[in-house]
Amino acid sequence: MAETQDLRATRIPLTDGAGQMPALGFGTLIPDPAETITATRNALEAGFRHFDCAERYGNEREVGKALQEGCAAGGIAREDIFVTTKVWNTNHRPERVEPAFEASLERLGVTCLDLYLIHTPFAFQAGDNPDPRDKDGNVLYDDGVTLFDTWKAMETLVDHGKCRAIGLSDVTLEILKDIYGSARIKPAVVQVESHPYLPETELLEFCKETGIVLLAFAPLGHGMKPGLLEDPVITGIAARMGKTPAQVLLAWAIQRGTAVLTTPRSAARAKENFDISRLPQEALDEINRIETRQRLNPVVNTGVPGFIAQAKSTAQGK
Ligand SMILES: NC(=O)c1ccc[n+]([C@@H]2O[C@H](COP(=O)([O-])OP(=O)(O)OC[C@H]3O[C@@H](n4cnc5c(N)ncnc54)[C@H](OP(=O)(O)O)[C@@H]3O)[C@@H](O)[C@H]2O)c1
């Protein structure tokens, strides 16, 4: 038991020898550019080595700058960090995938990626506007391209040695099974909302059977209050174990075999969220018995991320 109390260095192997993903990841969905830089530096200094980005977050350049400066200052090599980014909905047409990928590489200041994800399974009208809408405010979807068409373009990036692994995000189990069944290069990772109120148990079982890593976002319920951080089961375990609620939630996620993304912004929270150690089985069981069910992100149904600041103020969380 004692040998694996510390969960900070947990690494999860990816399929087909595509390397290992540090289980604890730092998410870069931070709207403010200056805050993106300080939070990313704080995360690197706290010990995070897995960074989750997206072209849609609009801050890859700031993340890249923070990583380059932070790695240089800390003597950290590129091979020591795991960098992911995502192709946005407006770039699903196969001929747009590689240019979108290359543009992300340039902004991040890297020559290859550890993981490239399709951000959502919904294709939007291709073009430079990331949020194309008609005059009534309805999203303009693109029914001229299938998810599998986009997947094949993603496979080509792996063939060309430009990224080590590819995956999906915001998909249902049905969509994942569909792509898994047809893919030449199987998805290595699926990034979805998951926490004790949305454990995604069936999806996790399928991932374990097939060797896909489930990468959970919103492990702290996006920090929304009331919410997971104030759940009496979580706060009770935290008090008993001398941990914070955030540490309990992150440990639960890792111990059930998922990787996890969290976005602490201050240096103190970066240290807190990285300082994760094992919970006893009875605490895990107690969390698994929570019956509240809540999905925070409607993105799986629409492709519209409620968590990104929108022109129309329907945003959830931040
Ligand atoms: N694929 C997708 O569609 C998708 C969707 C959403 C997110 N993501 C990814 O997932 C990442 C994680 O985002 P998330 O919102 O899910 O992160 P999260 O860590 O679950 O929630 C972040 C929120 O929790 C608060 N928080 C962080 N650490 C805390 C602590 N120790 N105690 C109390 N509150 C704490 C933060 O507050 P402060 O800001 O005040 O520190 C912030 O409001 C994103 O950055 C992004 O990379 C992906």
- Note on the structure: Scanning region 33-81 residue by residue, the ones that are in contact with a Leu (Cβ under 8 Å, 6 or more places away or on another chain) and of a type in the set (Ser, Thr, Tyr) total 2
- Query: In this structure, is Leu261 more than 10 Å from the ligand (Cβ to nearest atom) and either touching a residue at least 12 places away in the same chain (Cβ under 8 Å) or surrounded by fewer than 20 Cβ atoms within 10 Å (Cβ to Cβ) (or both)?
  - Reply: no
- Taking region 196-210 and keeping only residues that are at negative phi, buried (at least 19 other Cβ atoms within 10 Å of the Cβ) and not hydrophobic (A, V, I, L, M, F, W, C), one is left with Pro196, Pro199
- Task: Could you grab me the full set of residues in region 79-103 that are crowded, with 23+ Cβ neighbours inside 10 Å, within 24 Å of Arg49 (Cβ to Cβ) and not hydrophobic (A, V, I, L, M, F, W, C)?
- Result: Thr84, Thr85, Lys86
- Note on the structure: Being without any contact (Cβ under 8 Å) to a residue 60 or more places away in the chain, of a type in the set (Val, Ile, Thr) and more than 9 Å from the ligand (Cβ to nearest atom) narrows Ile237, Ile287 down to just Ile237
- Where in region 231-301 are there helices (runs of 4 or more DSSP H), lying wholly inside it, with at least 2 residues that are out of contact with any Pro (no Cβ under 8 Å at 6 or more places or on another chain) and at positive phi? none
- Across (1) loosely packed, with under 13 Cβ neighbours inside 10 Å; (2) modelled with pLDDT under 95; (3) of a type outside the set (Ser, Thr, Tyr), Gly303 clears everything bar (1)
- Take the residues in region 200-234 that are touching a Gly at 6+ places or on another chain (Cβ under 7 Å) and more than 18 Å from Leu24 (Cβ to Cβ), then tell me which one is nearest to the ligand (Cβ to nearest atom). Met224
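The values are calculated or read from the model by the stated rules, or taken from the named source; none is laboratory data. Just so we're clear, the structure is a prediction, and the values are computed from it rather than from any experiment. Every residue, glycine among them, receives a Cβ derived from its backbone with ideal geometry; neighbour counts consider all protein chains shown.
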